[in-house]
2 protein chains.
Amino acid sequence: MRTVFTPLHALHAPATEFFRGERVPCFEKVDRARYVHEALVARGHRVDAPEVDSRPVLPQVHGERYLAFLESAWARWLALDPANAERQPFPSTWPIRTLRADREPSEFSAQLGVYSMDNGTPICAGTWDAAKAGADAAATAARWVSQGERAAFVATRPPGHHAGPDFMGGYCFLNNAAVAAQALRNAGAARVAVLDVDYHHGNGTQAIFYERADVQFVSLHGDPRTEFPFFLGHADEVGAGAGQGFNLNLPLPAGALADAWFDALAAGMARIRAFGAEALVVSLGLDTFEHDPISKFKLSSDDFLRLGERVASLDLPTVFVLEGGYAVEALGQNAVNVLDGFESA
Amino acid sequence: MRTVFTPLHALHAPATEFFRGERVPCFEKVDRARYVHEALVARGHRVDAPEVDSRPVLPQVHGERYLAFLESAWARWLALDPANAERQPFPSTWPIRTLRADREPSEFSAQLGVYSMDNGTPICAGTWDAAKAGADAAATAARWVSQGERAAFVATRPPGHHAGPDFMGGYCFLNNAAVAAQALRNAGAARVAVLDVDYHHGNGTQAIFYERADVQFVSLHGDPRTEFPFFLGHADEVGAGAGQGFNLNLPLPAGALADAWFDALAAGMARIRAFGAEALVVSLGLDTFEHDPISKFKLSSDDFLRLGERVASLDLPTVFVLEGGYAVEALGQNAVNVLDGFESA
Ligand SMILES: [Zn+2]
Ligand SMILES: [Zn+2]
């Protein structure tokens, strides 16, 4: 399969994140993309650099004010104190119910709070460049597919599916899957489906397209009552306004086995067929893997071959976008298994 | 002045809080109330224990689900792991824009995120008992004033004015000023004004009464563009629905001097007179003091005498409720100066 990768992902490498109030090393590591890249090369997939600037697409899926903040965040942080080069910024206050996000404070940690859903999504000097390169990679894969490739894979990090219209969260800054879906729409696909198979609900992608009828969002994920992102991903979220009926959540209890998971996948795929999608984006999280350190589904490496085969049966031009997956050494094999399953079908 | 105090406040004594991503000792210390109590006794004010159960009032100002969480939070935390007795819980994810707070997750840190606007409001084993005792103290002072006392002072902590309808924040859990205002309403005052003179905007009190015409909220505070709580307290927040026109914010730039502050106070008092308040609650934060370690106004200890005199000129039955103030050793003198100024007028 044709794949897109750039070493710029490594510019995003913060040291620590917060997990339930404790500072811990980041789960979302540089090695994740390195292992995936190695597996792609080892299995003979063609790997190219991004060749499309995602800039025109970004404001179609993210707010301009958020984009401006994200691009300038590290410079704002350094402007406060040059010694901040060695420190990580974190928010401390969040604009929940009754609080306003329409006026951007001038205080930096408060700005960070406006644009964050958690304190587990640290930024560093290279975050914007890495995230932008990932969005460019997603736009590149969408162009290839629009121009006739059957499928393409975006081997990038940081991931994207938790990034909402105007906030970062869950290690995500720019929503690469949303960029790919929007780029496919821009290139002429009348209806695009996004199938999110990451262990965690793709709250950002859902929110970006929630009121749109041209993008069908389908997500299989751990029940948000117990799993991140906690505050979205329930079965009763079906879309709103023009988007009513174009959002399908299939939450499964933590610990769900492969059979239950593939049953849910079949239900999701049926919805995509009924929708009449002309192109498909797969938010490809591999944290459904049985040995993933932060997730609780039970897919084996062979199950990822099966997943690829099933997705191929939709017979749609398909962009795969790497999302989560924290069993780092197995990540490459599992990701490439999906691609190989797809191509063998 | 008749005052209400209980040593139960000391049950709320968490070790650390987060300040812009770093763990630091709590600013909101047990010693705060101890110094105020000592100053009250030294200056000959009568001090009694709370004698009213605030339970019937609490659901009039806070959501039932929030109250149930707060009362059970420490037990839920211990149920996860008995070793948690020695640890502090913190949230890590917050339900901002597009995320839902209507369904309570079963995961504890996510529950904490539903009910928190920051990660600087730590809970400990005695938080509920201390906060409930403070609300009882506020209800007690309201009863005394309703029964004919000219004024009463609630010498309590943790403070309350950042606690919203259904969330904690800014060291606050139960909104004592809102409890006092509601108790005065329940006792027959047709219109109650809340005058918030803490350095920080009383976002919780504003939010609780924002759509009500029977409670006029007036706040003087540091500009939220640079000062906590950052996301509320702008001059364009005038109330909504039935409450339209009954909210007055008077933000002042950090560094404002006493003259500017007293000019704003005069404007706030004019609004309270025009409103026709029959009773007054003063959210008495002393962090406007020139030596406060976390605030940036410039009032002197003598200015607090003047403040008391000015408030007395409204000639209303008045409940003073202690809010912030972190120059701990001066806190007692400054608080009692307000009371003495009031009584001397
Ligand atoms: Zn994930
Ligand atoms: Zn304050």
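The values are calculated or read from the model by the stated rules, or taken from the named source; none is laboratory data. Values in this document were obtained by computation on a predicted structure and should not be read as measured data. Here the Cβ positions follow ideal geometry from the backbone for every residue, glycine too, while neighbour counts run over all protein chains shown. All accessible areas refer to the heavy atoms of the entire protein, side chains included, with ligands and DNA or RNA removed. Shrake-Rupley method; radii C 1.70, N 1.55, O 1.52, S 1.80 Å.
Look at (1) away from chain A (no Cβ under 14 Å); (2) open to solvent by 40 Å² or more (accessible area, probe 1.4 Å); (3) within 15 Å of ligand 2 (Cβ to nearest atom) and you find that residue B:257 fails only one, number (3).
Applying the condition of being facing chain A (nearest Cβ under 8 Å) and open to solvent by less than 40 Å² (accessible area, probe 1.4 Å) to region B:208-227 and asking which residue is nearest to residue B:287 (Cα to Cα) yields B:227.
Residues considered: B:70, B:40. Of these, the only one that is in contact with a strand residue (DSSP E or B) (Cβ under 8 Å, 6 or more places away or on another chain), more than 14 Å from every other protein chain (Cβ to nearest Cβ), more than 14 Å from residue B:155 (Cα to Cα) and surrounded by 14 or more Cβ atoms within 10 Å (Cβ to Cβ) is B:70.
Please count how many residues of region B:74-106 are assigned to a loop (DSSP other than H, G, I, E, B) and either within 10 Å of chain A (Cβ to nearest Cβ) or touching a helix residue (DSSP H, G or I) at 6+ places or on another chain (Cβ under 8 Å) (or both). Residues that pass the stated criteria total 19.
Listed conditions (1) assigned to a loop (DSSP other than H, G, I, E, B); (2) surrounded by fewer than 21 Cβ atoms within 10 Å (Cβ to Cβ); (3) of a type outside the set (Ser, Thr, Tyr) are all met by residue A:129, apart from (1).
Remark: pairs (first residue in region A:8-32, away from chain B (no Cβ under 13 Å); second residue among the basic types (Lys, Arg); Cβ separation under 6 Å; 6+ apart in sequence or on different chains) = A:9/A:157; A:32/A:157. Of the residues making up region B:331-345, those that are open to solvent by 20 Å² or more (accessible area, probe 1.4 Å) and either in a helix (DSSP H, G or I) or in contact (Cβ under 8 Å) with a residue 40 or more places away in the chain (or both) are B:333, B:340, B:343, B:344. The condition (being touching a residue at least 12 places away in the same chain (Cβ under 8 Å), surrounded by 24 or more Cβ atoms within 10 Å (Cβ to Cβ), assigned to a loop (DSSP other than H, G, I, E, B) and more than 16 Å from ligand 1 (Cβ to nearest atom)) is satisfied by just one residue among B:204, B:233: B:233. Exactly one residue out of A:275, A:246, A:289, A:297 is over 25 Å from residue A:45 (Cβ atoms) and within 14 Å of ligand 1 (Cβ to nearest atom): that is A:297.
Can you spot a residue in region A:322-334 that is away from ligand 1 (no atom under 16 Å from the Cβ) and among the charged types (D, E, K, R)? Yes, the conditions are met somewhere in region A:322-334. Residues that are of a type outside the set (D, E, K, R) and either in contact with an Asp or Glu (Cβ under 6 Å, 6 or more places away or on another chain) or assigned to a helix (DSSP H, G or I) (or both) within region A:263-283 comprise A:264, A:265, A:266, A:267, A:268, A:269, A:270, A:272, A:274, A:275, A:283, listed in sequence order. Selection of region A:15-37 for residues being open to solvent by less than 20 Å² (accessible area, probe 1.4 Å) and assigned to a loop (DSSP other than H, G, I, E, B) yields A:21, A:26, A:28. Only a single item in (1) within 15 Å of ligand 2 (Cβ to nearest atom); (2) more than 11 Å from residue B:197 (Cα to Cα) is not met by residue B:321, and it is number (2).
For region A:236-254: of the residues being of a type outside the set (D, E, K, R) and in a loop (DSSP other than H, G, I, E, B), which is farthest from the other protein chains (Cβ to nearest Cβ)? Checked region A:236-254; the qualifying residue farthest from the other protein chains (Cβ to nearest Cβ) is A:245. Selection of first residues in region B:86-99 that are under 14 Å from residue A:233 (Cα atoms) and of second residues that are among the basic types (Lys, Arg), restricted to Cβ pairs under 8 Å at least 6 apart or on distinct chains, gives the following pairs, ordered by first then second residue: B:95/A:97.
The numbered conditions (1) free of Cβ contacts under 8 Å to residues at least 24 places away in the same chain; (2) in contact with a helix residue (DSSP H, G or I) (Cβ under 7 Å, 6 or more places away or on another chain) are all true for residue B:158 except (1).
The set of residues from region B:299-329 being of a type in the set (A, V, I, L, M, F, W, C) and modelled with pLDDT of 95 or more comprises B:299, B:304, B:305, B:307, B:311, B:312, B:314, B:316, B:319, B:320, B:321, B:322. Within region A:135-142, none of the residues are closer than 25 Å to residue A:90 by Cβ, more than 11 Å from every other protein chain (Cβ to nearest Cβ), away from ligand 2 (no atom under 16 Å from the Cβ) and of a type in the set (Ser, Thr, Tyr).
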